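Before any comments, here is the structure.
The values are calculated or read from the model by the stated rules, or taken from the named source; none is laboratory data. Here the structure is a predicted model, which means the values were calculated and not measured. Note that each Cβ is placed from the backbone with ideal geometry, even for glycine, and that neighbours are counted across all protein chains shown.
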Amino acid sequence: MGCRGQKVEGQQSAKRTDVVGKQPILQDQDQKVVTDPKTGLVTLSITWNDPNIAAKWANGLVRMANDYLRDQAIEESERNIAYLDGAGG
């Protein structure tokens with residue numbers, strides 16, 4: 001799983017106004033994630049009636065994905081270092 005770049009859009013749409021306990025409901029039709037197979041670029045868009053909320057959600061999802069990918073890279077690097085330390089001793 002790679003993430004070379006990101007594009008985050010907060011798009012205004014009047015179609016959705018559902019809320020539960022004052023928190024908006026994000027459904028599949030409100031989000032779109034596309035990966036370009038040639039470049040690895042991941043495009044994430046959230047469509048919501050409030051572009052500020054859409055941007056917060058999109059930015060939060062991108063932050064979570066980046067954190068996950070960074071943690072995976074760190075774990076792999078630590079395993080590689082441990083292997084090399086064991087092979088050299």
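Given the residues Gln72, Gln23, Gln31, Gln27, which is the only one that is surrounded by 11 or more Cβ atoms within 10 Å (Cβ to Cβ) and at pLDDT below 90?
Gln31
For Tyr83, indicate whether it is part of a helix (DSSP H, G or I) and farther than 24 Å from Lys32 by Cβ. Full working, then the answer.
Working: part of a helix (DSSP H, G or I): yes; farther than 24 Å from Lys32 by Cβ: yes.
It is true that Tyr83 is part of a helix (DSSP H, G or I) and farther than 24 Å from Lys32 by Cβ.
Considering each residue of segment 40-69, count those that are touching a residue at least 60 places away in the same chain (Cβ under 8 Å) and either touching an Asp or Glu at 6+ places or on another chain (Cβ under 7 Å) or loosely packed, with under 14 Cβ neighbours inside 10 Å (or both), and give that number.
Going through segment 40-69, the residues touching a residue at least 60 places away in the same chain (Cβ under 8 Å) turn out to be 65-66, 69.
Now narrow it down to the ones that are either touching an Asp or Glu at 6+ places or on another chain (Cβ under 7 Å) or loosely packed, with under 14 Cβ neighbours inside 10 Å (or both): 66, 69.
Within segment 40-69, residues that are touching a residue at least 60 places away in the same chain (Cβ under 8 Å) and either touching an Asp or Glu at 6+ places or on another chain (Cβ under 7 Å) or loosely packed, with under 14 Cβ neighbours inside 10 Å (or both) number 2.
Looking only at segment 50-80, which residues are of a type outside the set (A, V, I, L, M, F, W, C), under 29 Å from Gln31 (Cα atoms) and assigned to a helix (DSSP H, G or I)?
Pro51, Asn52, Lys56, Asn59, Gly60, Arg63, Asn66, Asp67, Tyr68, Arg70, Asp71, Gln72
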